[in-house]
1. Collect the residues in the stretch 285-314 that are part of a helix (DSSP H, G or I), open to solvent by 20 Å² or more (accessible area, probe 1.4 Å) and either without any contact (Cβ under 8 Å) to a residue 40 or more places away in the chain or not aliphatic (A, V, I, L, M) (or both), keeping them in residue-number order.
2. Condition check: at pLDDT below 90, assigned to a loop (DSSP other than H, G, I, E, B) and not acidic (Asp, Glu). Does Pro191 satisfy that?
3. Among the residues that make up the stretch 83-95, is at least one of them modelled with pLDDT under 85 and not hydroxyl-bearing (Ser, Thr, Tyr)?
4. Would a scan of the stretch 71-82 turn up a residue that is more than 30 Å from Gly278 (Cβ to Cβ), open to solvent by less than 10 Å² (accessible area, probe 1.4 Å) and without any contact (Cβ under 8 Å) to a residue 24 or more places away in the chain?
5. Just give me the residues in the stretch 233-263 being under 16 Å from Gly280 (Cβ atoms) and part of a loop (DSSP other than H, G, I, E, B), in sequence order.
6. Looking for whichever is on the phi > 0 side of the Ramachandran plot and either in contact with a strand residue (DSSP E or B) (Cβ under 6 Å, 6 or more places away or on another chain) or at pLDDT 85 or above (or both) here; the options are Gly13, Gly64. Which one fits?
7. Given the residues Ala245, Ala220, Ala317, Ala262, which is the only one that is open to solvent by 10 Å² or more (accessible area, probe 1.4 Å), closer than 23 Å to Arg185 by Cβ, in contact (Cβ under 8 Å) with a residue 40 or more places away in the chain and in contact with a Leu (Cβ under 9 Å, 6 or more places away or on another chain)?
8. Do you know which residues across the stretch 130-179 are outside any helix (DSSP H, G or I) and of a type in the set (A, V, I, L, M, F, W, C)?
Amino acid sequence: MAKLAFGDRRLTGIRGSSVAGAGRAPKSQAVNKRVVVPFEDNRRLTEMLGEYDSHLALMEDRLGIEAHAHGNVVILNGPETACDIGREVLETLYARASRGEHIGAGDFDGLIRHARQEAKPSEGGQAQIATRRRVVKARTVAQSDYIRSLGKSDLVFGVGPAGTGKTYLAVAFAASCLERGLVERIILSRPAVEAGERLGFLPGDMREKVDPYLRPLYDALYDVLPPEKVERDLETGVIEIAPLAFMRGRTLSNAFVILDEAQNTTSMQMKMFLTRLGEGSKMVVTGDPSQIDLPFGMTSGLEEAVRLLAGVNGIEAVHFTAADVVRRDLVARIVEAYEASQAKKV
């Protein structure tokens, strides 16, 4: 298998907007180095490296190095900076495995992305969210920025393409806040553009009417909380489904409020929604401006709000790019192709 050389993002300070930043390492003429990384427990190391050393193969692909496991050591060959990052990733994940954490391909990918994207070591390192079912760790620098913004600010916009974790991380953070008693409930909302907001014409109760639109939020909830808790909280109203069409006139206090697919809100809808924020609440608004389904010529409430509220105290906007797509490399390449096409039209 041909190897790609490694371009060090720590030295350049580039927070990659290219697919190379999301997947394979770019080419470089760095001098090769051999690094031997020893570990105490051979069995734990084998489990950490995955079936048939699949996680080592991912590291080779991402860093442009060769990596081989022999007994209780891993041997790295390649550019010096890349090998140093590989050693750091292996030692960090082995320490986590020693504490009983399950290590998957996403953990390798996340740490490597952080090391390659950061111009300098981050003060907080790789951000994470702890819930009852799992610990969710950021897999890109932008995701770490997003998680920290969720902790600092009462209103956060997460803007960027599909697959960057905007919605999933917002739901995970909401679940964590609920479990820690920081909020009393979670409110999930989404514009039902396809139904023209006329939910009354759909069969079933309120939850059944909006289920198709909120499925991604449900999926995230069931991933970070026990299923029985999710069902119980939905029944008692601790987790509330609140279609955007029915939010007018409400004051949302002591709640974690999430508006998903916000690119499909109008200016009036967005203003109405943002002004629902009450005491003790946090609000997260996510969306992808490249997927606006509003009638031609109508302004997206998300784009307008991000522009108008820039610099307002207590409000932050985190922008994701194709380099932050964590779903899989193919999705990053698809997003990159569409972004390039759109740039030519401007």
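1. Pro289, Ser290, Gln291, Glu303, Glu304, Arg307, Leu308, listed by residue number.
2. yes
3. no
4. no
5. Val238, Arg250, Thr251, Ser253, Asn254
6. Every option except Gly64 fails the conditions.
7. The unique qualifying residue is Ala245.
8. Matches in the stretch 130-179: Ala130, Val135, Val136, Ala138, Leu155, Val156, Phe157, Val159, Ala162.
The values are calculated or read from the model by the stated rules, or taken from the named source; none is laboratory data. Predicted model, so just to flag it, every value in this text is computed and none were measured. Positions of Cβ are backbone-derived with ideal geometry, glycine not excepted, and every protein chain shown enters the neighbour counts. We work out accessible area using only protein heavy atoms, side chains counted, and drop any ligands, DNA or RNA first. Shrake-Rupley method; radii C 1.70, N 1.55, O 1.52, S 1.80 Å.
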